[in-house]
Amino acid sequence: MFCKNCGKPIDPNAAVCLSCGVTVGKGNKYCANCGAQPDPLASVCVKCGHSIRHQYDTEKSVLYRMWKM
């Protein structure tokens, strides 16, 4: 498991990355599965095939759903 913010390996049971201090799961600079730096527009990591959910996409969908109400 790798930090999505700094790309350093992290313990699967950790709550925060000990290298950068960011909460596990936050960030979108690196693949959480292999630590590679994906293309910002990619949907999957080309190195390992892991799905990449960008935080912007998640926020956009939440805002869109709120707007549609």
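The values are calculated or read from the model by the stated rules, or taken from the named source; none is laboratory data. What you see is a predicted model; the values in this text were computed from it and never measured. In this analysis, Cβ positions are derived from the backbone assuming ideal geometry, glycine residues included, and neighbour counts consider all displayed protein chains. Just so you know, the surface numbers come from the protein's heavy atoms only, side chains and all, with ligands and any DNA or RNA stripped out. Shrake-Rupley method; radii C 1.70, N 1.55, O 1.52, S 1.80 Å.
Could you please find all residues in the range 17-42 being assigned to a strand (DSSP E or B) and surrounded by 14 or more Cβ atoms within 10 Å (Cβ to Cβ)?
Start the filter on the range 17-42 by keeping residues that are assigned to a strand (DSSP E or B), which leaves 23.
If the condition is that a residue be assigned to a strand (DSSP E or B) and surrounded by 14 or more Cβ atoms within 10 Å (Cβ to Cβ), then no residue fits.
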Checklist entry - On the given criteria, is K8 out of contact with any Leu (no Cβ under 7 Å at 6 or more places or on another chain), surrounded by 10 or more Cβ atoms within 10 Å (Cβ to Cβ), at pLDDT below 95 and not β-branched (V, I, T)? => result no
Checklist entry - When only residues in the range 43-67 that are modelled with pLDDT of 90 or more and open to solvent by 80 Å² or more (accessible area, probe 1.4 Å) count, which is farthest from M1 (Cα to Cα)? => result V46
